Amino acid sequence: MCGIAGILSAASSSEQSAFFRESIKKMSDSIAHRGPDGEGYWQNENNTVVFGHRRLSILDLSDNASQPMHYLDRYVIIFNGEIYNYLELKKELQQQGEQFKTSGDTEVLLVLYHLYKEKMLQKLDGMFAFALYDEQEKTVFAARDRFGEKPFYYYTEPGHTFFFASEMKA
């Protein structure tokens, strides 16, 4: 079990930047029990996307697997869950010429999204909730498993801000 939290905003301001950094830390701290092995934060340059992650290390214990995880200087992901078929997917991707720096499933998600976008979900077998930011497209893609085993709570202030996390209290 890990914990994810995020804030997405339609507008950017310097006051908002500090508020979001403080808010994501509080959100993440409220779900610290979900990931006692590490924490990480990331905010885009425009201060419109902020991610927080609490890590429970299971598959890849190295620092390379810390989150938020970056890929190709384009994508950033926060992920909670486990992809049961990630080894098969990774092997398939390696046969297509893709290279990996980690031994876990998070990086597999990033490569799948890069190649297949939203259609990647059709390939996944597992329990998961994640949010992925694409710097080039300036978009966020979020998903959870078909049965909702991994929670993804959210709240929106229409036209302004979208908040999400692994638990409602965040």
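Can you find even one residue in the stretch 88-103 that is of a type in the set (Gly, Ala, Ser), open to solvent by 40 Å² or more (accessible area, probe 1.4 Å) and under 28 Å from residue 48 (Cβ atoms)? Checked the stretch 88-103: no residue is of a type in the set (Gly, Ala, Ser), open to solvent by 40 Å² or more (accessible area, probe 1.4 Å) and under 28 Å from residue 48 (Cβ atoms).
So which residues in the stretch 27-54 are surrounded by fewer than 20 Cβ atoms within 10 Å (Cβ to Cβ) and under 15 Å from the mean Cα position of the chain (by Cα)? So that I can check it myself, show each step before the final result.
Initially, the stretch 27-54 is screened for residues surrounded by fewer than 20 Cβ atoms within 10 Å (Cβ to Cβ), giving 29-30, 32-33, 36-46.
If the condition is that a residue be surrounded by fewer than 20 Cβ atoms within 10 Å (Cβ to Cβ) and under 15 Å from the mean Cα position of the chain (by Cα), then 38, 39, 40, 41, 42, 43, 44 are the ones that fit.
Please verify whether the stretch 131-143 includes one or more residues that are at positive phi and either open to solvent by 50 Å² or more (accessible area, probe 1.4 Å) or in contact with a Cys (Cβ under 7 Å, 6 or more places away or on another chain) (or both). Taking every residue of the stretch 131-143 in turn, at least one turns out to be at positive phi and either open to solvent by 50 Å² or more (accessible area, probe 1.4 Å) or in contact with a Cys (Cβ under 7 Å, 6 or more places away or on another chain) (or both). Within the stretch 116-142, the set of residues being within 19 Å of residue 50 (Cβ to Cβ) and assigned to a strand (DSSP E or B) comprises 129, 130, 131, 132, 133, 134, 139, 140, 141, 142. Determine, yes or no, whether residue 113 is of a type in the set (Phe, Trp, Tyr), under 14 Å from the mean Cα position of the chain (by Cα) and assigned to a helix (DSSP H, G or I). Taking the combined requirement at face value, the residue satisfies it.
Filtered by the rule that a residue be part of a loop (DSSP other than H, G, I, E, B) and touching a helix residue (DSSP H, G or I) at 6+ places or on another chain (Cβ under 7 Å), the stretch 1-55 gives 1, 2, 47.
Of all residues in the stretch 70-87, those satisfying the criterion of being open to solvent by 40 Å² or more (accessible area, probe 1.4 Å) and either in a strand (DSSP E or B) or in contact with a Phe, Trp or Tyr (Cβ under 7 Å, 6 or more places away or on another chain) (or both) are 70, 82.
For the subset of the stretch 145-164 comprising residues that are open to solvent by less than 40 Å² (accessible area, probe 1.4 Å) and assigned to a strand (DSSP E or B), which member is nearest to residue 52 (Cα to Cα)?
So the first thing to find is which residues in the stretch 145-164 are open to solvent by less than 40 Å² (accessible area, probe 1.4 Å), and the list is 145, 148, 150-152, 161, 164.
Next, from what is left, pick out any that are assigned to a strand (DSSP E or B): 161, 164.
Working: 161: 16, 164: 10 Å.
If we take residues in the stretch 145-164 being open to solvent by less than 40 Å² (accessible area, probe 1.4 Å) and assigned to a strand (DSSP E or B), then 164 is nearest to residue 52 (Cα to Cα).
Residue check: residue 76 meets all listed conditions (1) modelled with pLDDT under 95; (2) farther than 21 Å from residue 155 by Cβ but one, namely (1).
The values are calculated or read from the model by the stated rules, or taken from the named source; none is laboratory data. Fair warning: this is a prediction, and the values are worked out from it, not measured in the lab. For neighbour counting, all protein chains shown are included, and Cβ atoms are generated from backbone atoms with ideal geometry for every residue, glycine included. Heads up: the accessible areas ignore ligands, DNA and RNA and are worked out on the full protein's heavy atoms, side chains in. Shrake-Rupley method; radii C 1.70, N 1.55, O 1.52, S 1.80 Å.
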